[in-house]
Every structure is written in structure tokens, then in C-alpha cells.
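Report on the following structure.
The values are calculated or read from the model by the stated rules, or taken from the named source; none is laboratory data. No experiment lies behind these values; they were computed from the predicted model shown. Every residue, glycine as well, gets a Cβ built from its backbone with ideal geometry; the counts of neighbours run over all protein chains shown.
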């Protein structure tokens with residue numbers, strides 16, 4: 001792959017470094033290479049800047065070796081004749097599924113010239129233009145030594161592959177027409193594709209878990225505005241702050257406010273996790289951030305403490321025991337449940353909101369006890385179905 005771009009005017013951001021769904025195009029190419037099983041990623045660069053360093057980290061996080069080449073001549077030493085080489089043109093943002101389906105063996109992926117050439121794709125003959133992706137044999141790289149130092153290596157590899165008889169595979173032109181495949185896309189094209197990409201990777205919970213469903217849909221909407229930017233961490237940070245306010249209100253004797261802030265913590269935590277999940281979609285070796293993990297781990301203990309603080313003092317140890325049993329059963333049901341009701345056990349937003357009127361009426365502990373009974377009975381029902 002390459003970060004070189006001779007088509008971009010001076011002073012403008014190069015196509016490989018343009019943002020798509022929270023990542024640069026070159027980083028999305030790395031994700032594709034990792035998904036295709038590449039063990040070494042060689043990238044042509046004209047300097048080692050922040051973008052290249054972050055691309056290297058992404059490749060290494062996915063388990064691949066990353067080599068930045070300012071001079072293409074060492075490329076022949078990296079590749080043996082037994083290797084296969086996945087080549088991606090500078091600034092190409094392909095449809096990942098389409099590439100992975102067609103690169104099981106050496107092939108040059110092409111589009112009809114009539115639709116592709118006018119969009120900047122390189123014509124290879126009267127009928128076809130190169131899509132910007134191909135799989136070739138390592139032996140083809142040896143012929144690069146014959147080229148001038150300033151030659152376009154990617155285009156040269158394309159010509160060498162065609163001359164050596166690598167088969168051509170035409171792709172459906174709808175990939176271009178529907179905006180699923182781009183070459184050096186502009187901001188508007190990226191924005192349109194990003195909206196579709198987010199929608200495809202967002203899986204909001206069903207409304208059998210109403211609080212969770214609303215929170216995840218809020219996260220999907222936020223992702224369109226803040227994904228990849230500094231604001232992507234704001235929902236999770238706000239969730240942590242809400243948790244502090246919830247505990248403070250509970251300790252000071254304001255149960256209604258404490259459960260309100262608890263519901264807000266749960267909602268913002270889910271929204272933040274949704275934004276992070278969408279941003280990390282397609283990445284190999286990426287895990288949840290420490291912040292979202294901490295919020296997930298702390299939410300149940302905080303809600304249990306709020307329930308205990310809102311329960312009558314004369315119930316003593318039962319104040320904490322009953323909510324502990326409830327959250328333990330809910331966690332168990334999450335793993336044993338199936339179908340649309342499984343998400344209901346995970347809905348802490350609705351649970352916290354339910355505690356608000358219960359706290360107002362002074363019946364928090366009885367309501368929690370009834371919930372324990374309901375979850376317990378549902379677990380027995382799930383067990384019967386499994387048998």
C-alpha cells in the first residue's frame with residue numbers, strides 16, 4: 001500500500017490520510033490487509049510522520065509486521081517468490097467483503113472502464129479499469145529492480161501482473177454506483193458512506209429492553225458526529241461523572257436524585273460503549289478502553305449501593321443482600337437468556353428509572369425483591385426450555 005498521492009494539490013490533505021468512520025483511509029486498508037491474513041505490511045511513504053507511526057501501531061496491534069519504505073528497492077528483499085502480495089492503490093477505500101471474496105488466488109480486480117475511468121480509476125484496456133486492489137505473486141516484485149527510482153511502484157506492479165498473465169476479475173459496477181467503493185473520495189463522499197457504514201455496524205437492542213434500546217440509538221446518533229474525534233470519549237466521561245453524583249446524592253439522603261443520576265450513568269455508559277464499538281468495527285486486535293470497562297464493572301455495584309441507601313435502615317444486612325442477589329441473577333440471566341428478551345436482563349437504564357417512583361413511594365426494597373423473584377422464575381423457565 002502507499003501513502004503517496006500525486007493527484008492531491010499541495011496544501012490539501014492527501015487521500016490516504018482522510019478520515020472515514022474515525023480512522024484514516026490508510027488505516028482502513030491495514031484493517032483489510034489484516035482480515036485477508038497479511039503477515040507483513042509494506043507501505044510506501046515520503047516521510048515518517050505521526051500518521052505513519054499510528055498506522056504502524058495499528059498493524060502491530062493486529063499481529064502484523066509494518067515496514068515503511070521511502071525507497072521501494074528494499075521491497076524485493078521483503079518478499080519471496082513463494083509469497084502472495086495484496087496490493088492496494090493509494091487512497092482506495094474498497095468494499096472489504098468484495099475484496100475478501102475474490103482474492104483467494106491471484107487476481108486483478110477491475111471495473112467497467114465506462115463507469116470507472118471518469119472517476120479516476122486507471123484504465124488497463126478498452127473495457128476495464130483497475131479497481132485499486134489486486135493479489136499477485138511475489139515473483140512479480142523482482143522485476144521492480146528494472147524500473148527507474150522515481151517510477152510509480154503501484155502502477156508498475158499492476159502492469160507487471162497483467163503482463164505475467166494474472167487473471168482479471170470484473171467487479172459489479174453497483175459497488176461504485178452505490179458508493180461502496182471509492183478512490184480518493186472527497187469529504188461529501190466519505191460522509192455519505194460513513195453514515196451507511198455506521199448504520200451497518202450499529203445493532204441497537206430491541207425495545208423489549210427500552211432503556212437500552214434508547215441509549216444505544218443515542219450512541220449511534222452521536223457516533224455520526226463525534227466518532228474519531230476528541231469528543232468520542234465525552235459520553236463515557238460524563239457517565240463516570242454521573243456515577244459520582246449518584247453516589248453523592250444517595251449518601252446525602254436524596255434517593256430520587258441518586259437514581260436519576262444512576263439512570264443517566266447507565267444511559268451515557270451504553271451510548272459511549274456504542275460509539276466505541278462502532279469506531280472499532282473492522283479492527284483486529286482492538287479491545288474496549290479501560291474507561292468503558294470501568295463504567296460497566298462499576299454500574300451494578302453503584303446501583304446496589306443506591307438501593308441499599310434507599311432501603312429502611314432497620315432491614316440491616318438485607319439492604320445490601322437483596323440488590324446483590326438481583327444483580328447476580330441478572331448477570332447470570334444475560335448469559336443464559338436467548339432471543340429478544342436476553343437484552344432485557346442487561347437494561348440497567350430501565351431498572352434505575354423504575355427505582356425513582358419506588359423511592360418516591362418508599363418501597364424500593366419490596367420492588368427489588370419482586371424483581372428478584374421475577375428474574376429467578378424466568379431462569380427456571382429458561383432451564384426448562386434448554387432441557
> Does residue 197 count as crowded, with 16+ Cβ neighbours inside 10 Å, closer than 30 Å to residue 113 by Cα, modelled with pLDDT under 90 and under 27 Å from the mean Cα position of the chain (by Cα)?
Replying inline: yes
>> under 30 Å from residue 28 (Cα atoms), in a helix (DSSP H, G or I) and modelled with pLDDT of 95 or more: which single residue out of 303, 268, 299 fits that description?
In response: 268
>> Can you tell me which of (1) surrounded by fewer than 16 Cβ atoms within 10 Å (Cβ to Cβ); (2) assigned to a helix (DSSP H, G or I) is the one residue 278 doesn't meet?
In response: (1)
> Taking helices (runs of 4 or more DSSP H) that do not extend beyond segment 1-86, which have at least 3 residues that are surrounded by 13 or more Cβ atoms within 10 Å (Cβ to Cβ) and in contact with a strand residue (DSSP E or B) (Cβ under 9 Å, 6 or more places away or on another chain)?
Replying inline: 25-35, 50-61
> If you check residue 238 against the conditions, is it touching a residue at least 40 places away in the same chain (Cβ under 8 Å), over 16 Å from residue 358 (Cβ atoms) and part of a helix (DSSP H, G or I)?
Replying inline: no
